[in-house]
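Enquirer: Pasting in a structure now, in structure tokens, and then I'll have a few things to ask.
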Amino acid sequence: MAAPRRERRSPARAGPLPPFEHIVVVHGPTVLRVCRALLGRVDADDAWSETFLSALRAYPDLAPGTNLEAWLVTIAHRKAIDVHRAHRRNPIPTDTLPDRAATTAPPGDGDGDDELWTRVAALPFMQRAALVYHYVGGLPYTEIAGILGNSAAAARRAAADGRAALRRRYSVDTGSAP
Amino acid sequence: MTTPDPVVPAPPISSGDLAWLRERLILDADSAGLLDVAYRTLDTPVGALLLAATTEGLVRVAYLTDGPDDILADLAERVSPRILEAPHRLDAAATQLDEYFRGRRVTFDLALDLRLTTGFRRDVIAHLPDIEYGHTASYAQVAASAGSPRAVRAVGTACAKNPLPVVVPCHRVVRSDGSIGQYVGGIDAKRILLDLETVA
């Protein structure tokens with residue numbers, strides 16, 4: 001496949017760097033949603049904090065034209081992998097037993113989405129990441145491929161597989177299509 | 001921008017969650033030495049002011065007539081883009097300005113970071129606090145005290161580009177004929193400041 005592995009230089013920004021405050025205001029909510037969808041509430045807060053502190057540290061040297069949202073999600077992804085590995089070292093089932101309860105708390109507030117996020121958390125990590133970066137983060141698959149280190153086609157496939165698995169379990173458990 | 005999807009909706013977040021995370025980021029950034037510029041706004045009798053400080057001291061006071069975007073963009077370019085709205089670092093400046101506008105303070109006791117002004121302008125800025133509260137000096141007098149008696153116009157420019165108005169009292173510089181002259185915050189603001197200092 002000749003799909004571009006990286007497409008980091010989108011025309012999202014040109015010229016001098018805006019104040020970092022602007023980055024927090026504009027991208028903070030989306031990055032938090034991505035972290036919540038990927039990690040659950042408690043780990044998400046830590047991941048958000050570490051992501052923005054790392055971003056602040058690297059910010060003055062950021063290349064002109066960088067897609068800021070993809071850049072932030074890339075940092076958040078590394079934090080999420082750290083959390084994911086830490087959980088795997090502990091004897092808690094995740095990818096291997098996808099039908100069991102999730103290891104990470106769902107991000108909902110006791111509303112009807114809690115079950116959904118439990119199911120998202122139970123997906124294999126790559127599927128979960130691709131799904132969340134596309135549907136929650138709003139990133140195109142070319143950017144997601146850069147973050148996951150695969151091709152755009154593979155990222156799209158992972159998200160589609162994850163979405164299909166969610167839809168299937170949702171239908172089985174509730175007896176209705178979402 | 002996010003694609004709405006019935007299977008994968010975005011998880012809910014509250015403004016309270018983000019406010020707490022922002023607070024934590026400010027604390028983490030400050031203790032990691034990454035909060036290069038902290039700023040806040042302050043409502044005063046001359047309008048809203050933006051106050052910004054580096055780790056060295058107060059670096060910018062600006063009239064917010066056109067909103068903070070241009071001022072922050074200028075700070076990002078000339079000082080550092082590591083800028084956060086972090087009011088705590090400006091507590092002392094805000095308190096002293098508040099006291100000043102209530103007529104209870106005649107001098108400011110604040111660390112100043114003069115990096116936004118250089119050369120002759122910096123000499124002028126450094127000498128402006130010599131003009132005492134309730135007094136005025138002419139552009140020509142300030143030029144003389146800065147060591148360049150003929151640089152009257154340059155004094156005007158230095159005042160117009162004063163990065164720390166109110167705190168560094170460029171409003172006390174008036175025309176030789178006694179008329180009020182120009183001011184970075186507008187002539188009305190200059191009159192309010194001079195009246196405040198006369199009454200107090």
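Enquirer: Please compute the average number of Cβ atoms from other chains found within 10 Å of each residue's Cβ in peptide B:17-27.
Expert: Taking the mean over all residues of the peptide, I get 5.
Enquirer: Continuing with this model, one more query. Using Cβ contacts closer than 10 Å as the measure, can you line up A:71, A:48 from fewest to most?
Expert: Final ranking by Cβ density, sparse to dense: A:71, A:48.
Enquirer: Within segment B:49-149, which chymotrypsin sites (Phe, Trp or Tyr not before Pro) sit in a loop by DSSP and count at most 16 neighbouring Cβ atoms inside 10 Å?
Expert: Of the chymotrypsin sites (Phe, Trp or Tyr not before Pro), the ones in loops of segment B:49-149 whose Cβ has at most 16 other Cβ atoms within 10 Å are B:133.
Enquirer: Would you order B:28, B:177 from fewest to most other beta-carbon atoms within 10 Å of each residue's own beta-carbon?
Expert: B:177, B:28
Enquirer: Assuming 0.36 nm per residue, please report the length gained on full extension of the stretch residue B:55 to residue B:150 beyond their Cα-Cα distance.
Expert: Full extension of this stretch gives 30.6 nm more.
Enquirer: Right, next: When the chain is fully extended, how far beyond the present Cα-Cα distance does residue B:195 get from residue B:157, taking 0.36 nm per residue of separation?
Expert: 11.3 nm
Enquirer: Moving on to the next point. Starting from the Cα-Cα distance between residue B:135 and residue B:107, subtract it from 0.36 nm times their residue separation and give me the gain in nm to one decimal.
Expert: The span from residue B:135 to residue B:107 would gain 8.8 nm if fully extended.
Enquirer: Among B:124, B:152, what is the fewest-to-most ranking by other Cβ atoms within 10 Å?
Expert: With the sparsest Cβ surroundings first, the list reads B:152, B:124.
Enquirer: Further question: Would you mind computing, in nm to one decimal, how far apart the modelled labels at residue B:48 and residue B:23 are, each placed 7 Å from Cα along Cα→Cβ?
Expert: Rounded to a tenth, the inter-label distance reads 2.3 nm.
Enquirer: Taking each residue of A:46-59 in turn, how many C-beta atoms of other protein chains fall within 10 Å of its C-beta, and what is the average?
Expert: Going residue by residue through A:46-59 and averaging, the value is 4.
Enquirer: Does a label point 7 Å from the Cα of residue A:87, set along Cα-to-beta-carbon, have any residues of segment B:6-24 with amide nitrogen under 17 Å, and which are they?
Expert: Residues B:11-12 fall inside that zone.
Taken together, the values in this text are just the output of simple stated rules run on the coordinates, not laboratory data. It should be emphasised that the depicted structure is a prediction, and the values quoted were computed from it without experimental measurement. Note: ideal-geometry Cβ built from the backbone for every residue, glycine included; neighbour counts use all protein chains shown.
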